[in-house]
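The structure appears right after this line, and notes come after that.
The values are calculated or read from the model by the stated rules, or taken from the named source; none is laboratory data. These figures come from a predicted structure and were not determined experimentally. Using ideal geometry, Cβ is built from the backbone for each residue, glycine included, and neighbour counts are taken over all protein chains shown. These area figures cover heavy atoms from the full protein model, side chains too; ligands, DNA and RNA do not enter into them. Shrake-Rupley method; radii C 1.70, N 1.55, O 1.52, S 1.80 Å.
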Amino acid sequence: MVRDVPGFPEPGVVFKDIAPLLADPGALRLATEGLAAAGPGADRVVGVEARGFILGAPVALHLGAGFVPVRKKGKLPGATLEAAYALEYGEAVLQLQEDALVAGHRVLLVDDVLATGGTVEAAVGLCARAGAEVVGVAVLLELPGLGGRERLERAAPGVPLHVLLP
Ligand code: 5GP
């Protein structure tokens, strides 16, 4: 239910497309329950735009937690914290509303794919700057050989990474 799309979004890249998994009722439930199992005790799920939103909100419901979005620059109203990050394909800035997380919050960070780790590093950094504790990072897939796991370990030593699909 995860299909390889060669040449997207640019030549030479093989994109992992999770649309079939999201569209299948049973797979969506299994996947989001599996991601939620990575965050017992979390009271906030942070999801990164955009596929982290789709997965993160049901994960939050499974956990009895709230959902907090991390968005690309310019989408969130009010005061924000921001972090520049390097994507597999380019550069961007992520933002978190300043009052969305406070000290004492226990965060499970959810995204679909870990590639170079730039996105997760930026999002974990935003949570930490807000004073929250990141208790885990949960993704559906890890693209091997791009250093994402190592980058997360350097950015947030000891924070467990849970990868649902081998
Ligand atoms: P990273 O920052 O780890 O290099 O890239 C991860 C981010 O880019 C995630 O937010 C993810 O949604 C997106 N991404 C990178 N490669 C892929 C891919 O092959 N498939 C999907 N679905 N997302 C990807």
How big is the accessible area of His105 in square angstrom, nearest 10, if you roll a 1.4 angstrom probe over the protein chains? 30
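Efficiency by 1/(1 + (r/R0)^6): what FRET value for Arg149 and Asp99, r their Cβ-Cβ distance, R0 = 25 Å, to the nearest 0.05? Walk me through the numbers before you get to the answer.
On the way: r = 31 Å, r/R0 = 1.26.
So, using R0 = 25 Å, E works out to roughly 0.20.
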For the chain, state what percent of all Cα-Cα pairs lands in each successive 10 Å bin, counting from 0 Å until the bin that includes the largest distance. 11, 42, 37, 10, 0
Mean residue ellipticity at 222 nm from the helices of the chain, using -39,500 (n - 2.57) per DSSP H segment of n ≥ 4 over the full residue count, to the nearest 500 deg cm²/dmol? -9000 deg cm²/dmol
Part-to-part distance (alpha-carbon centres) for region 32-84 and region 106-162, which is given in Å: 12
Return the long-range amide H neighbours of Val46 (sequence gap of 5 or more, or a different chain), with a cut-off of under 5 Å between placed amide H atoms. Val68, Leu108, Leu109, Val110
Can you compute the charge dipole magnitude of the chain about its Cα centre, using +1 on each Lys and Arg Cβ and -1 on each Asp and Glu Cβ, nothing else charged? Give it in debye, rounded to the nearest 20. 180
Report, to the nearest whole %, how much of the accessible area of the chain belongs to carbon and sulfur atoms, 1.4 Å probe, protein only. 56
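Starting from the Cα-Cα distance between Val14 and Lys75, subtract it from 0.36 nm times their residue separation and give me the gain in nm to one decimal.
Result for the pair: 19.1 nm of gain on full extension.
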A convex hull over the alpha carbons of region 110-166 yields, per residue, a volume in Å³ of 66
